[in-house]
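Shown next, in structure tokens, is the structure this report addresses.
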Amino acid sequence: MKKYRCTVCHWEYDPQVGDPDSGIAPGTPFEEIPADWVCPMCGVGKEDFEPID
């Protein structure tokens, strides 16, 4: 599973870790995160994330 980085604050979403504070369980691929999820650091939406190679 790919990691994704916020293009605004550079916070990284790691699917192995998820985002438990926002209700996203470890093992959740970025593509399966709900559309209304926002970056826990700066509050932008999923559209402002890019995959990390």
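Please go through the chain and write out the trypsin sites (Lys or Arg not before Pro) that DSSP classes as loop and that have at most 13 other C-beta atoms within 10 Å. Before the final figure, lay out the partial values.
Values: sites: Lys2, Lys3, Arg5, Lys46; in loops: Lys2.
Passing sites in the chain are Lys2.
Since only His10, Phe30, Cys42 are under comparison, the one whose Cα sits farthest along the positive direction of the charge dipole of the range 1-43, derived from C-beta charges on Lys, Arg, Asp and Glu, is His10.
Amide H contacts of Tyr13: Tyr4, Arg5, Cys6, each under 5 Å away and 5 or more positions distant or on a separate chain (H built 1.01 Å from N in the peptide plane; Pro and chain starts excluded). Taking amide H as placed 1.01 Å from N in the peptide plane, Asp19 has its amide H under 5 Å from the amide H of Ile24, Ala25, each at least 5 places away in sequence or on another chain. Largest accessible area first, the residues Cys39, Cys9 order themselves as Cys9, Cys39 under a 1.4 Å probe with ligands, DNA and RNA left out.
Summing +1 for each Lys or Arg and -1 for each Asp or Glu among the other residues whose beta-carbon sits under 12 angstrom from that of Pro34 gives -3.
Solvent-accessible surface of protein heavy atoms, probed at 1.4 angstrom with all chains present, puts Cys42, Cys6 in the order Cys42, Cys6, largest first. The candidate values were (1) 9.4, 24; (2) 10.1, 31; (3) 9.7, 25; the one computed from these coordinates for Rg and Dmax of the Cα atoms in Å carries the label (3).
The values are calculated or read from the model by the stated rules, or taken from the named source; none is laboratory data. All values derive from a computational prediction rather than experimental measurement. Please note: Cβ atoms are built from the backbone with ideal geometry, for glycine as well, and neighbour counts cover all protein chains shown. Keep in mind that these areas ignore ligands, DNA and RNA; they rest on the heavy atoms of the full protein, side chains included. Shrake-Rupley method; radii C 1.70, N 1.55, O 1.52, S 1.80 Å.
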